[in-house]
Amino acid sequence: MAEIQVMKNILGENDRVAAENQALFAEKNVYVINLMGSPGAGKTSVLEKTMEKLKDKLKMAVIEGDLFTSKDADRIEKHGVPVIQINTAGGCHLDAPMVQKVAQKLDLDDLDLLVVENVGNLVCPAEFAVGEDDKGVVLSITEGDDKKPMKYPLIFKESAIALLNKADLLPYCNFDMAAAKEDITTLHPGMDVIEVSCTKDQGLDAWCDWLLGRVAAKQKKGK
């Protein structure tokens, strides 16, 4: 019982700070998405393509979460987008206080879109809100046809969109695309699911249009 109470207290404090973050982002009219997925799912590659396609349409920034290195942040920085690295020193997810601390270093008045790329993990990041408007999940088809959505249901239930990445490799992988989509929409009816390939530029326009729609809705609501 003590362990359950400790976890409840941790989540409660996190939710309190997440609400503060969300209020700040709403005041500044910044749309925030918390992008999650397994290590190697291709989150950073998707972000790089997103930066390329939206750099002339939106003012963007990225908060990068990783265990120890700044390799992903270095990749994003090459695209001329403000990026801040958070190293969790072994922690399996970002939390709201971490995001609150680094958000102070960003010029939120000059942003339309803030992407929080969470630590590679299909479990813990889904449990901790950071103040985002939406969560999104990237699932690589190279992870195999082993019912990932049903094995890790919370991340799909919590996310507004799922990107099934590396779709160009489908002929070479043991992955049932139709079954994966069915599992995802069973867990989260009405959820947006897009097949994407960063190497073949597949589905990325649809993903960027989705983001543009969310940003526009947030800004309209803030007027």
Task: Phi-based couplings in Hz for the range 78-92 (Karplus 6.51, -1.76, 1.60; Gly and Pro marked x) - done: 5, 8, x, 9, x, 9, 10, 8, 10, 9, 8, 6, x, x, 8
TODO: Assign unit charges at the C-beta atoms only (+1 for Lys and Arg, -1 for Asp and Glu), then state the dipole size of the range 139-200 relative to its Cα centre in Debye, rounded to the nearest 20.
DONE: 100 debye
Open item on the list: Nothing charged except the Cβ atoms of Lys and Arg (+1) and of Asp and Glu (-1): what's the magnitude of the dipole of the chain about its Cα centre? Round to the nearest 20 debye.
Closed with: 300 debye
Task: Whole-Å semi-axes of the ellipsoid equivalent to the chain (Cα gyration tensor, √5λ, descending) - done: 25, 22, 17
TODO: Only helical DSSP H runs with n ≥ 4 go in: add -39500 (n - 2.57) per run for the chain, normalise by residue count and round the 222 nm mean residue ellipticity to 500 deg cm²/dmol.
DONE: -13500 deg cm²/dmol
Task: Inter-label distance, nm, simple model (7 Å from Cα along the C-beta direction), I10/K57 - done: 3.9 nm
Task: Surface/4 of the Cα convex hull for the range 8-96, nm² - done: 6.5 nm²
Task: Where no second cysteine Cβ lies under 4.7 Å, the cysteines concerned in the chain - done: C173, C198, C208
Task: Stokes-Einstein D in µm²/s, Kirkwood radius over Cα pairs - the range 163-208 at 20 °C with 1.002 mPa s viscosity - done: 191 µm²/s
TODO: Place a +1 charge on the Cβ of each Lys and Arg in the range 93-183 and a -1 charge on the Cβ of each Asp and Glu, then give the dipole magnitude about the Cα centre in debye, rounded to the nearest 20.
DONE: 340 debye
Open item on the list: How large are Rg and Dmax for the range 112-223 when calculated on the C-alpha trace, in angstrom?
Closed with: 14.4, 49
Task: Rule-of-thumb Rg ratio for the range 50-133 [Cα; 2.2 N^0.38 Å; N residues] - done: 1.06
Task: Note, ³J(HN,Hα) from phi for the range 12-17, Karplus 6.51, -1.76, 1.60, rounded to Hz, x at Gly and Pro - done: x, 5, 4, 5, 5, 5
Task: GNM top mover of P189, P125, P39 - the chain, alpha-carbon springs below 10 Å - done: P189
Open item on the list: I'd like the distance separating the alpha-carbon centroids of the range 128-182 and the range 14-33, in whole Å.
Closed with: 26 Å
Task: Taking the convex hull of Cα positions in the range 96-163, its mean projected area over all directions (nm²) - done: 5.3 nm²
TODO: Work out from phi, with θ = phi - 60° and the Karplus expression 6.51 cos²θ - 1.76 cosθ + 1.60, the ³J(HN,Hα) of each residue of the range 35-41, listed in order in whole Hz, and give x for Gly and Pro.
DONE: 9, 10, x, 5, x, x, 5
- [ ] Provide K71, K78, K181 ordered by accessible surface of protein heavy atoms (probe 1.4 Å), highest first.
- [x] K78, K71, K181
Open item on the list: Could you identify which residue out of D209, D56, D176 has the top mean-square fluctuation in a GNM of the chain using Cα springs shorter than 10 Å?
Closed with: D56
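The values are calculated or read from the model by the stated rules, or taken from the named source; none is laboratory data. Just so we're clear, the structure is a prediction, and the values are computed from it rather than from any experiment. Glycine gets a Cβ as well: all are built from the backbone with ideal geometry, and neighbour counts include every protein chain shown. In case anyone asks, the SASA skips ligands and DNA or RNA and just uses the protein heavy atoms, side chains included. Shrake-Rupley method; radii C 1.70, N 1.55, O 1.52, S 1.80 Å.
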